[in-house]
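Heads up, the thing below is written out as C-alpha cells.
Values quoted throughout were computed directly from the atomic coordinates according to the rules given, and no laboratory measurement underlies them. The shown structure was predicted, so the numbers you read here are calculated from the model rather than taken from an experiment. Here the Cβ is made from the backbone with ideal geometry for all residues, glycine too, and neighbour counts use every protein chain on show.
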Amino acid sequence: MLPPFYQTTLRAHLNESQYLTLQLLLLLLQAHRQVKLSVLASVFPQPIQFASRKRNLQRFLVLPQLSIKLLWFPLIKYWLRQERTGHQLNL
C-alpha cells in the first residue's frame, strides 16, 4: 500500500500497533472518503465500544511520533531529493 521509504520511516518512529492503526486509518480514509472522527470510529475494526474507538483514535492522532518534525520532515526531504535527482517517487 505505501511506498517502501514511507514504510521504513513509519516503522522507525511507530511501534507495531501504531503502524497497523495508521495503515487501517489510511485504508478507511480511502474507502469511506470521510475525515470525521465519528464516522471513522464507527467503521474502525476494533471489537470495542464506539466511544472507546473514538477515544483511541483521538489519542492516536495526537501522538508525538506523528509530529511534523519527527515524521513528516524526513518524508519531505526524501521527496525533494527524488525530485532533484529526477527519480520517480512511485506514488
Only Cα pairs within less than 10 Å get springs; with that Gaussian network setup on the chain, which residue of 47, 74, 64 has the largest fluctuation? 47
Once you place label points 7 Å from the Cα toward the Cβ at residue 85 and residue 70, how far apart are they in nm? 2.7
Suppose only helical runs count, i.e. DSSP H with n ≥ 4. What mean residue ellipticity at 222 nm does that imply for the chain under -39500 (n - 2.57) per run, divided by all residues and rounded to the nearest 500 deg cm²/dmol? -20000 deg cm²/dmol
Which lysines does residue 69 reach when only Cα atoms under 18 Å apart count, and residues fewer than 8 places away in its own chain are ignored? 77
If you build a Gaussian network model of the chain, linking Cα atoms that sit under 10 Å apart, which residue out of 44, 60, 73 swings the most? 73
Could you tell me whether the chain comes out rounded, prolate or oblate from its Cα gyration tensor? Rule is a ≥ b ≥ c as square roots of the eigenvalues, rounded for a/c under 1.5, then prolate if a/b exceeds b/c, otherwise oblate. prolate
